[in-house]
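Attaching a single structure in structure tokens format; questions to follow.
The numbers here are math on the coordinates, done by the rules we state, and not lab data. Every value quoted in this text rests on a predicted model; they were computed, and no experiment measured them. A quick note on method: Cβ atoms are made from the backbone with ideal geometry, for glycine too, and the neighbour counts reach across all protein chains shown.
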Amino acid sequence: MAQEINKFKSNRRSIRLKEYDYSLNGWYFVTICTQNRKCLFGEIQPVGADRCVCPNHSIQLNTAGDIVNKWWLELKNKFSNVELGEYVIMPNHIHGIINIVSDTRPLGAHSLGAHSLGAHTGAPLQEIIQWFKTMSTNEYIRGVKSGVLPPFIKSVWQRNYYEHIIRTENELNRIQFYIKENPNMWDGDRNNLLEI
């Protein structure tokens with residue numbers, strides 16, 4: 001059994017850039033999905049469909065979605081080197097922009113593209129994401145135990161997450177627009193798996 005576990009672990013592939021220091025100052029776009037992309041956090045609903053040709057959609061968060069929102073916003077209080085940018089909680093994932101800044105500079109005192117110029121600033125991105133997953137999972141488990149939330153299988157979150165290093169202001173603007181429009185694109189979203 002131990003050999004099978006070690007074989008599994010050795011076959012895991014990291015999707016992080018090798019040799020990159022994810023604690024460097026800079027903007028990061030992250031996507032974190034639920035295990036098996038199960039819709040746990042709410043529903044996408046049309047808003048004002050009778051007022052425009054192409055209706056806007058919004059996410060109606062449920063209790064689990066409120067938990068995710070709470071712990072996402074708590075990142076800036078837990079980690080002094082974190083600023084939060086645009087984010088959206090979808091039924092089965094979260095998209096967000098995390099800005100890692102130096103602990104010795106005032107918040108927002110660096111520019112885009114400074115990734116390779118900064119010094120080690122504190123908590124790296126993977127530690128920030130792991131803390132978020134742990135805290136939101138722990139509160140979700142308390143909700144299951146009290147009968148408020150439905151149980152989950154194995155884990156709330158997938159083991160890994162997607163990240164993209166934002167290098168230019170144009171790229172930042174494009175990603176911010178994508179995040180804002182994400183609820184409108186839910187019907188064609190690759191994370192929108194029809195539940196059987």
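How do VAL68, VAL82 rank when sorted from fewest to most other Cβ atoms within 10 Å of their own Cβ? Walk me through the numbers on the way to the answer.
Numbers: VAL68 27, VAL82 19.
Ranked by crowding around the Cβ, least crowded first: VAL82, VAL68.
Multiply the residue gap between GLU74 and GLN35 by 0.36 nm, knock off their C-alpha separation, and tell me the result in nm, one decimal place.
Details: separation 39, 0.36 × 39 = 14.04 nm, distance 2.21 nm.
Residue separation times 0.36 nm, minus the Cα-Cα distance, leaves 11.8 nm.
To the nearest 0.05, what FRET efficiency results for ASP66 and LYS145 with a Förster distance of 22 Å applied to their C-beta separation? Each step should come with its number before you reach the end.
On the way: r = 17 Å, r/R0 = 0.78.
The value I calculate is 0.80.
Tabulate in residue order the Karplus-calculated ³J(HN,Hα) for the range 142-153, using 6.51 cos²θ - 1.76 cosθ + 1.60 with θ = phi - 60°, rounded to whole Hz; enter x for Gly and Pro.
Listing the rounded values in order: 4, x, 5, 4, 8, x, 7, 10, x, x, 10, 9 Hz.
Most exposed first by the Cβ proxy, i.e. fewest other Cβ within 10 Å, how do ILE32, ILE165 rank?
On the way: ILE32 22, ILE165 16.
Listing ILE32, ILE165 from fewest to most nearby Cβ atoms yields ILE165, ILE32.
With each label point set 7 Å from Cα along the Cα-Cβ vector, what nm distance links GLU86 and GLU171?
1.6 nm
Also, quick follow-up: Sort ILE59, ILE166 so that the residue with the fewest other Cβ atoms within 10 Å of its own Cβ comes first and the one with the most comes last.
Working: ILE59 19, ILE166 24.
Going from least to most buried by this count: ILE59, ILE166.
Something else now. Pop the C-beta distance of LYS180 and ASN160 into the FRET formula with R0 = 25 Å and round what comes out to the nearest 0.05.
0.50
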